[in-house]
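Engineer: Quick one: structure below, then a few questions.
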């Protein structure tokens with residue numbers, strides 16, 4: 001299984017993660033970054049008056065490898 005872990009900065013300056021499971025890299029890294037930058041402009045997510053995804057910091061792909069033992 002592949003997970004995309006995206007780290008943002010919220011409006012308080014703290015880190016905020018968004019994880020997308022079963023992620024498949026269909027576009028280039030530059031296209032993904034441009035899309036995530038647009039995501040920060042939407043102002044859709046807020047919790048207790050704090051905007052959650054205000055500044056894109058970085059994204060990482062995490063691959064989980066299962067190895068049966070028996």
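Engineer: Among the residues of segment 36-50 satisfying the criterion of being within 15 Å of the chain's Cα centre (by Cα) and surrounded by 11 or more Cβ atoms within 10 Å (Cβ to Cβ), which is farthest from residue 63 (Cα to Cα)?
Structural biologist: In this case the residue turns out to be 45.
Engineer: Collect the residues in segment 1-37 that are farther than 21 Å from residue 52 by Cα and out of contact with any helix residue (DSSP H, G or I) (no Cβ under 8 Å at 6 or more places or on another chain), keeping them in residue-number order.
Structural biologist: 1, 2, 22, 23, 24, 26, 28, 29, 30, 31
Engineer: Taking residue 24 as the residue in question, decide whether it is surrounded by 11 or more Cβ atoms within 10 Å (Cβ to Cβ) and either modelled with pLDDT under 95 or more than 30 Å from residue 66 (Cβ to Cβ) (or both).
Structural biologist: The answer is no for residue 24.
The values are calculated or read from the model by the stated rules, or taken from the named source; none is laboratory data. For clarity, every value in this text was computed on a predicted model and none was experimentally measured. Cβ coordinates were reconstructed from backbone atoms using ideal geometry, including for glycine residues, and neighbour counts include every protein chain displayed.
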